[in-house]
Structure formats: C-alpha cells, structure tokens
Amino acid sequence: MLHKIARLLKRIELTEFHLRLRHYWCNMDSIELLPPPAVRGMKILERDHFKKHVPIPRLHVPENKAQRVLPLVKKLLLKMEHLQPVRAVEDGREILLHPLPVKAWESLPTQELEKLQVTESNFIVSELQLGYENWNANEILKSVLPANEDGLTSYSRIGHIVHLNLRDHLLPYKQLIGEVLLDKVPNCRTVVNKAATIDNTYRNFQLELISGEADYQVETKENGVPFEFDFSKVYWNPRLSTEHERIVKLLQENDVLYDVFAGVGPFSVPAAKKRCHVLANDLNPVSFHWLRHNGKRNKCLTHLKMYNKDGRQFILEDVRQDLLLHWRTPSESKYSIHITMNLPALAVEFLDAFRGLYTAEDLTDLPETVIYPTVHVYSFAKGENTKALVRQLVEDNLGAPLGNELESISFVRNVAPNKDMYRVSFNLTKDLLLTPKSVPSRKRIATEDIENVVDKVKCV
Ligand SMILES: C[S@@+](CC[C@H](N)C(=O)[O-])C[C@H]1O[C@@H](n2cnc3c(N)ncnc32)[C@H](O)[C@@H]1O
C-alpha cells in the first residue's frame, strides 16, 4: 500500500515538474528582467540608460556532459534578444537559466542532474549585464510608455515601412517609438504615422515620417504574390490580405472579375494570375500605374484589362459592354462572374448604376442560361447592429430587397470602436438590370441619412 502511495506521489511530483517545464516563462513577468524603472517616460531614446546588472542562476558543466544536461534544462533557459543562453567557458559550458522558475538548485531536476554527476556545486548565481539590445521592441516600449494608458498595440508592415496609427497620448513619444522600431524590426528602414484620417478621394494614407528614410517605394508580397507601389500615393492595407485571399479563392480559371475600385491590384492581379478574365479599374492615376506594373511583374497582362476612370463610368461603359460580350459568346465550360467593390466608405452609393444597365432590347436573344454576376460590395457600418445596417444600406442604394439573391453578409474587420467593415455578396438579376432608375422600388438612401450608420470620412 505504502509502495503504491509513494509511486503515486512520485507520479504527481513528476507531472507537476513537467507541467512547470511546459510553462512559458515571460521575461516581463520577472522584475529582474525588466528594463530599469528609470526609463519610464523617456522621450528621447537614450540607449545607455537601459544598462543594468541582474543576478542570473547558471549551471557550469564540463564539455562532455553538456549535451546530456541541456535537454534536462532546455525549458528553463534564459531567452532574451542577442543573448546566448549556452556559452563556451574555459572549462566547459555555462548555461544561463531563467530567474523566474529557477530560484535555487532545488528548482532544477536535481535527481536527473545528479545521475550525470552534476551537483549543487555546478550551480551558481552571478550578475549579468543587460542592455538595450537584450529587449525586443515590445518590451522596450512597454517599459518606456505610460504604464496607466494603452501602449502601442499594433502596427502594419508594408515592405520596409512600419506604419503606425498612434493614439493622441502617444504622440509625445513618437520619435522614440520610431527609433525603437527602426532598431528592432528586421529590415525596417522607414517608420511613418498616419497623419490624418483618409478622407481623400484616392484613400491613400496621409503619412508623417517619424523615423528613418523618406522612401515610400515598397516591394511586398501578399498571399505569395509580389506587389510594388509608392505607399504614400496609393491605398494599401495589409490587414485586408485575408479578405483578398477569400475572394481570390472563390475564383477559378476562366471566371470573370470586374474590380471597380482595384487599387494596385490585390484582387485583380492574383485573379489574372489564375487565368481569370479581369477588368480592373481605379480612379487614381498612380494606382493605375502600379496596377499595370504589378500585372506586368506578375506576367498576367494577357488576362488583365485596366481602366483609369470613375467607378460608375466603368460599370456603365466597360462592365456593361464586357458582360454582353461574355453572354453572347457561347462557352463550352461553366464559369462565374464576380464584381468586387472595395471602397467601403462609398461603394454602396455606386450600386444604383446596375439598375437599368440594359434595355429589354439589349438582352433579347440571350440564352436563358446566361450567368448573372455576383457582387461583393464592402461597407462600413457604425452602431449597434452593424450587420443589419449594412444590409439596409445595400438594399436602399440598390433600390431593391436582396431576398433570395443574398449570398452572405460577412464581417471583414473591426475598424474602430463600434465601427465594422463588412462584405455583402449578392447576385444581380435580370429584373434588376432591366429596371430603370426612374422607378426605384425603394427610395435610394440619401447620404445625409446614412451619416449615422456609415462614417464616410474615416476610411481606415
Ligand atoms: C479602399 S481602396 C481598395 C483598393 C483595393 N481594391 C484593395 O482591396 O486594397 C479604394 C480604391 O478606390 C479608388 N477610388 C476612389 N474613388 C474612386 C472612384 N470614384 N472610382 C474608381 N476608383 C475610386 C481609390 O483610388 C482606391 O485605390
């Protein structure tokens, strides 16, 4: 019986030890490993002020035992930036241990170590000098920025550029934040802050250079596809990469894509690479330039036609014409047609362009089996029930209820507190394409009416 209890206790002890081993030791939970408290509130980056001496537990083991000791203490190693936890010393190896789980020799798996003739005499605690280089950007900024307010929660990376959207209380620290990110983020050469809300037509972010070079020409990859553009003159948001991927995944070779607000091509270029037939449009001449460049760079110009005009004009002229062409061309294989409209602050207001796009005469002689396009329109909505609001916005601007034609209303991302971005996907019908604008079934919603639900100005 006693035997059994002893075995059970041993098992519990071992399990507890292994559970402890599995724990992730956060450096910032250890007072010893925090940067010196004096750096709090620093506004000009003084790298020297981060130096401090910390008592660190260590094991000294002979070279011939190191390989067998290491697996036993692997999860207790002290891991910090630019710090080798296992170093060569004169008579073997020195293993630096984390001061949080290792308070004394007894904190280690002593039985296993002793089997290797590693004893308490191999264990010492001695001082180690830490400095600015040993903390990552997050740790440095957490120790400097005001403790009682939100810190720097996130930033975007676009090629060599780090793009911040600093809250007001962090603005006095912007120079320091910029320098820390420049030092710590691999391959970062430029740090910019969003200077104002993007209320301009072309939706490009207004940038303030806070650190590094004023070089906005970037090369980046999204979902494996390379893109190049001037970030200061076009719209690009890496937070949309999943959404771009979702749409591109819907498309198969030979499908048709009309991209009304194409930017530099995050929907259009991957779709053209998949050998879809793509018509891509953007009003911004600089976006148009980089759209063409990206089409060329990705060797998909044969499947990409580009336009530089207003989205409404693009729908009324080019989409209209191209759809007729597809409908009139007999096709052996099945294909689908998609229209992307990603200008979330305004896109819904372009939906009425589909009403009465054709006359009955235009559509005579078309086979009954023609495929009508699926529209993916993006919209912001602000308030309580944002999902219901976007549906209402789409229906009001389209001038018809979505009914059975609604495919989905998908949450894309939260843009600000109480403000969400959605995609509404629905199918256009022959009826809608034939119903002239002069007899809308519902009043097109007035811009002023939607001011409550859609923040037209702050396109983030
Ligand atoms: C939010 S960005 C989306 C770009 C890209 N489709 C994406 O998903 O990242 C909207 C784009 O619409 C363009 N734009 C703004 N107003 C326009 C209009 N009236 N007609 C066509 N394009 C417009 C802007 O230049 C910008 O590139």
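Pairing each residue of segment 309-324 that is open to solvent by less than 10 Å² (accessible area, probe 1.4 Å) and hydrophobic (A, V, I, L, M, F, W, C) with any residue that is near the ligand (Cβ under 10 Å from one of its atoms) and not in a loop (DSSP other than H, G, I, E, B), provided the two are 6+ apart or on different chains, yields C-beta distances under 6 Å for Phe314/Asn281; Phe314/Tyr307. One residue stands out in segment 247-277 among those that are β-branched (Val, Ile, Thr) and within 12 Å of the ligand (Cβ to nearest atom): the one that is surrounded by the fewest Cβ atoms within 10 Å (Cβ to Cβ), namely Ile247.
Would you mind stating whether Leu128 is touching a strand residue (DSSP E or B) at 6+ places or on another chain (Cβ under 7 Å) and in a loop (DSSP other than H, G, I, E, B)? When the stated conditions are applied, Leu128 does not pass them.
Being basic (Lys, Arg) and within 15 Å of the ligand (Cβ to nearest atom) narrows it down to one residue among Arg292, Arg320; which is it?
Among Arg292, Arg320, only Arg292 is basic (Lys, Arg) and within 15 Å of the ligand (Cβ to nearest atom).
Checked across segment 349-372, the condition of being touching a Gly at 6+ places or on another chain (Cβ under 9 Å) and acidic (Asp, Glu) holds for at least one residue. Taking the conditions exactly as written (in the same structural domain as Val264 (by TED's automatic domain parsing) and open to solvent by 20 Å² or more (accessible area, probe 1.4 Å)), does Asp365 satisfy them or not? Yes, satisfied. The set of residues from segment 88-97 being at negative phi and either among the small types (Gly, Ala, Ser) or at pLDDT below 95 (or both) comprises Ala88, Val89, Glu90, Asp91.
Does at least one position in segment 116-134 carry a residue that is open to solvent by less than 30 Å² (accessible area, probe 1.4 Å), touching an Asp or Glu at 6+ places or on another chain (Cβ under 6 Å) and farther than 30 Å from Pro226 by Cβ? Among the residues of segment 116-134, at least one is open to solvent by less than 30 Å² (accessible area, probe 1.4 Å), touching an Asp or Glu at 6+ places or on another chain (Cβ under 6 Å) and farther than 30 Å from Pro226 by Cβ, which makes the answer yes.
Consider Leu72 carefully, then state whether it is at pLDDT 95 or above and of a type outside the set (Phe, Trp, Tyr). Criteria met by Leu72. Among residues of segment 248-259 that are under 17 Å from Thr302 (Cβ atoms), those with a Cβ under 6 angstrom from a residue that is within 16 Å of the ligand (Cβ to nearest atom) and assigned to a helix (DSSP H, G or I), sequence gap 6+ or separate chain, pair up as Leu251/Ala271; Leu257/Ala271; Asp259/Ser268. Could you check, for segment 164-177, whether at least one of its residues is within 16 Å of the ligand (Cβ to nearest atom), at pLDDT below 95 and in contact with a Ser or Thr (Cβ under 9 Å, 6 or more places away or on another chain)? Looking through segment 164-177, at least one residue is within 16 Å of the ligand (Cβ to nearest atom), at pLDDT below 95 and in contact with a Ser or Thr (Cβ under 9 Å, 6 or more places away or on another chain). Select from segment 305-341 the residues that are at pLDDT 95 or above and charged (D, E, K, R) and list them in ascending order. Of everything in segment 305-341, those that are at pLDDT 95 or above and charged (D, E, K, R) turn out to be Lys305, Lys309, Asp310, Arg312, Glu317, Asp318, Arg320, Asp322.
The values are calculated or read from the model by the stated rules, or taken from the named source; none is laboratory data. The model shown is predicted, which means the values in this text are computed figures rather than measured ones. We place every Cβ from the backbone using ideal geometry, glycine too, and count neighbours over all the protein chains shown. Side chains included, ligands, DNA and RNA excluded: accessible areas come from the protein's heavy atoms. Shrake-Rupley method; radii C 1.70, N 1.55, O 1.52, S 1.80 Å.
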